[in-house]
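The values are calculated or read from the model by the stated rules, or taken from the named source; none is laboratory data. Every value quoted in this text rests on a predicted model; they were computed, and no experiment measured them. All Cβ positions, glycine included, derive from the backbone under ideal geometry; neighbour counts span all protein chains shown.
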Amino acid sequence: MQGGSIRLFRVAGIQVSLHFSWFLVAVYQLTSRPHGYQMRVFAIYEYLALFLIVLLHEFGHAFACRQVGGIANRILLWPFGGIAFVNPPPRPGAELWSIAAGPLVNVALIPVLLLLRIVVVRSGLAFNAPDLYRLVSMMGYINIAILVFNLFPIYPLDGGQILRSLLWYPFGRIRSLQIASVIGLIGGGLLTLYAFTTGSTWLVILTFFLLTQAVTGWRRAKELQLEEAETLRPIPSAPTERPPVL
């Protein structure tokens, strides 16, 4: 994912990049799918608004990670959303806050976008500028859709990682990751069946990504087990020299 990305800008030391495949999908979305606007340029605005909301979501992850003493220096935007490369301290509370902060940004945006929609309606723009009204309304729906989808308890979605962080308290770091990965595989499998039922190519690709990441989570848990075993293995003592027998 990191290869083939274009650097856009840097905010507070966080590099924001855009994967080249974003442009390919953008062209397809804007030329092949109905958008409901009288002026096509508003379809472009809507697509850009989608990734603005995604970007704010990822900044929520990054800043929360830094707040708990973690490392977060990069955000990558790609056709199916965004990825904040965060490395919080290995504590359940730190990881929980780093993950939960993303959806909380979407929660905070709900009243903001609702107020913006009310302003558009009361100013008469809903009738005089229907494309603008539709754009503002769609931003509200997109924000809620991102929030709800990300809260599915499917690892590595935010909901799955929040579940893992909560399970960390009673089960520990490794066992919680194993449980979250298994739930992610089951949930991802069910979502894949739904994607094939609806015939959505993009949803099929997205669910494939989720499944591969769930498998990666399981493998990571195995690696942590080996690291823990190596740490607990006793260090053999050096043989002592015995005096020669005379």
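Restricting the first member to the stretch 114-143 and to residues that are in contact (Cβ under 8 Å) with a residue 24 or more places away in the chain and within 17 Å of VAL41 (Cα to Cα), and the second to residues that are β-branched (Val, Ile, Thr) and surrounded by 15 or more Cβ atoms within 10 Å (Cβ to Cβ), the beta-carbon pairs closer than 8 Å and six or more apart or on different chains are LEU132/VAL120; MET139/ILE53. Within the stretch 23-55, restricting attention to residues that are in contact (Cβ under 8 Å) with a residue 12 or more places away in the chain and over 20 Å from LEU132 (Cα atoms), which residue is surrounded by the most Cβ atoms within 10 Å (Cβ to Cβ)? Among those that are in contact (Cβ under 8 Å) with a residue 12 or more places away in the chain and over 20 Å from LEU132 (Cα atoms), it is VAL54. Inclusion of PHE63 among residues that are free of Cβ contacts under 8 Å to residues at least 24 places away in the same chain, touching a strand residue (DSSP E or B) at 6+ places or on another chain (Cβ under 9 Å) and not polar (S, T, N, Q) is not warranted. Among the residues of the stretch 139-162, those identified as in a helix (DSSP H, G or I) and farther than 22 Å from VAL120 by Cα are ILE146, LEU147, VAL148, PHE149, ASN150, ASP158, GLY159, GLY160, GLN161, ILE162. The set of residues in the stretch 1-22 that are surrounded by 15 or more Cβ atoms within 10 Å (Cβ to Cβ) and at pLDDT 85 or above comprises ILE14, GLN15, VAL16, SER17, LEU18, HIS19. Considering only residues in the stretch 76-110 that are polar (S, T, N, Q) and over 30 Å from VAL27 (Cβ atoms), the one that is surrounded by the most Cβ atoms within 10 Å (Cβ to Cβ) turns out to be SER98.
Among the residues of the stretch 99-110, is there at least one that is at pLDDT 95 or above, out of contact with any helix residue (DSSP H, G or I) (no Cβ under 7 Å at 6 or more places or on another chain) and outside any strand (DSSP E or B)? Checked against the condition, which is being at pLDDT 95 or above, out of contact with any helix residue (DSSP H, G or I) (no Cβ under 7 Å at 6 or more places or on another chain) and outside any strand (DSSP E or B), the stretch 99-110 yields at least one hit. ILE118: assigned by TED's automatic domain parsing to the domain that holds ILE146, of a type in the set (A, V, I, L, M, F, W, C) and closer than 23 Å to LEU163 by Cα, yes or no? It is false that ILE118 is assigned by TED's automatic domain parsing to the domain that holds ILE146, of a type in the set (A, V, I, L, M, F, W, C) and closer than 23 Å to LEU163 by Cα. For the stretch 151-173, the tally of residues that are more than 15 Å from THR216 (Cα to Cα) and among the polar types (S, T, N, Q) stands at 1.
Can you tell which of PHE196, PHE171 is at pLDDT 90 or above and either farther than 19 Å from ASP158 by Cα or aromatic (Phe, Trp, Tyr) (or both)?
On the way: PHE196 fails: at pLDDT 90 or above.
After applying the criteria, what remains is PHE171.
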